[in-house]
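What follows is a set of notes on a single structure, which appears directly below.
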Amino acid sequence: LSGGVDSSVCAYLLKKQGYNIVGAFIRTWQPDFIECTWRDERRDAIRVAGLLNIPFKDIDGENAYKEKVADYMISEYRLGRTPNPDILCNREVKFGIFWQEIKRLGGTHIATGHYAQNIFNNETGEFELHISKDNEKDQTYFLWKLTQDDLAHILFPIGHLEKNEVRSIATVGNLHTAGKKDSQGVCMLGKLDMKDFL
């Protein structure tokens with residue numbers, strides 16, 4: 001549960017489908033000069049967990065994010081290359097250390113609010129990453145590093161929906177995140193001026 005509408009609706013849908021779920025919030029590193037917003041996001045995530053009557057866990061991803069995403073991004077810029085931190089954030093944090101912690105806690109799957117579809121092909125016996133129904137929100141590009149091992153335990157509960165449908169479900173479910181603005185910018189850092197950051 002990131003505190004946004006997409007992850008809120010994921011939790012809501014999975015709960016309605018009978019899954020035994022736990023809301024988990026990943027806390028990541030932020031530079032000192034960026035206004036700290038993670039506490040507000042965490043508060044929204046806790047409220048959703050409370051409304052859905054599900055357990056809530058904090059996951060510490062601060063060191064992994066700093067070392068594997070932020071430091072990598074800075075070093076790539078130093079070398080004159082343009083990195084994509086969102087791809088690394090997904091690979092190293094959300095589907096890396098986060099998944100390791102979920103397994104340690106006894107979880108069997110992780111579900112995220114990515115706009116993508118994970119479809120099992122019975123003929124090939126493999127999982128396939130497909131674009132979402134909402135072409136404007138599709139996030140498959142940021143997930144291209146996922147492997148078959150990753151896809152075997154990942155759920156994308158809103159990948160078959162458009163954003164307006166997600167907001168409608170949030171409204172029907174009385175989720176306070178229904179009207180919340182979409183997060184933009186670098187994965188988990190939000191909007192920032194890259195020149196100032198570097």
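The values are calculated or read from the model by the stated rules, or taken from the named source; none is laboratory data. Note that the structure is a prediction, hence the values are computed from the model and not measured. Positions of Cβ are generated from backbone atoms using ideal geometry, with glycine treated the same way; all protein chains shown enter the neighbour counts. The area values use the complete protein model at the heavy-atom level, side chains included, leaving out ligands, DNA and RNA. Shrake-Rupley method; radii C 1.70, N 1.55, O 1.52, S 1.80 Å.
Using the Cα centre as the reference, give the magnitude of the dipole from point charges on the C-beta atoms of the stretch 78-119 (Lys, Arg: +1; Asp, Glu: -1; all else neutral), rounded to the nearest 20 debye. Please list the in-between numbers first.
Details: 6 positive and 3 negative charges, 30 e Å.
Computed charge dipole of the stretch 78-119: roughly 140 debye.
At a 1.4 Å probe radius, carbon and sulfur cover how many percent of the accessible area of the stretch 1-43? Numbers along the way, then the final one.
Working: 1070 of 2380 Å².
Whole-percent figure for carbon plus sulfur exposure: 45.
Over the stretch 10-105, one equal point on each Cα, no solvent: what is log10 I(q)/I(0) by the Debye formula at q = 0.17 Å⁻¹?
Here log10 of I(q) over I(0) equals -0.85.
Summarise the accessible area of the stretch 95-198 (1.4 Å probe, protein heavy atoms) by the percent that is carbon and sulfur. Walk me through the numbers before you get to the answer.
Details: 3030 of 6100 Å².
Heavy-atom surface of the stretch 95-198 belonging to carbon and sulfur, 1.4 Å probe: 50 percent.
In Å and from the alpha-carbon atoms only, list the Rg and Dmax of the stretch 107-175.
When restricted to Cα atoms, the stretch 107-175 yields Rg and Dmax of 13.0, 41 Å.
Of the cross-linked pairs LYS15/LYS57; LYS16/LYS133; LYS15/LYS145; LYS103/LYS137; LYS94/LYS145, which ones have a Cα-Cα span greater than 23 Å in the structure shown?
Numbers: LYS15/LYS57 16 Å; LYS16/LYS133 21 Å; LYS15/LYS145 28 Å; LYS103/LYS137 29 Å; LYS94/LYS145 12 Å.
Over 23 Å Cα-Cα: LYS15/LYS145; LYS103/LYS137.
On the full set of protein chains, 1.4 Å probe, figure out the accessible area of HIS114 and give it in Å² to the nearest 10.
Per-residue accessible area (HIS114): approximately 10 Å².
So with the 1.4 Å probe, I'd like the accessible area per residue for the stretch 56-102, rounded to whole Å².
On the way: 2350 Å² over 47 residues.
Counting only protein heavy atoms, the per-residue value for the stretch 56-102 is 50 Å².
Considering Cα pairs under 8 angstrom that are at least six residues apart, work out the relative contact order of the chain and quote it in whole percent. Write down the numbers at each step before the final one.
On the way: 289 pairs, mean separation 47.9, N = 198.
Worked out over the chain, it gives 24 percent.
Dividing the convex hull volume of the alpha carbon atoms of the chain by its residue count, what do you get in Å³ per residue?
Details: hull volume 25.4 nm³, N = 198.
Per-residue hull volume (Cα only) is 128 Å³.
Can you pull the accessible area of TYR141 for me, 1.4 Å probe, Å² to the nearest 10?
Surface open to solvent at TYR141 totals about 140 Å².
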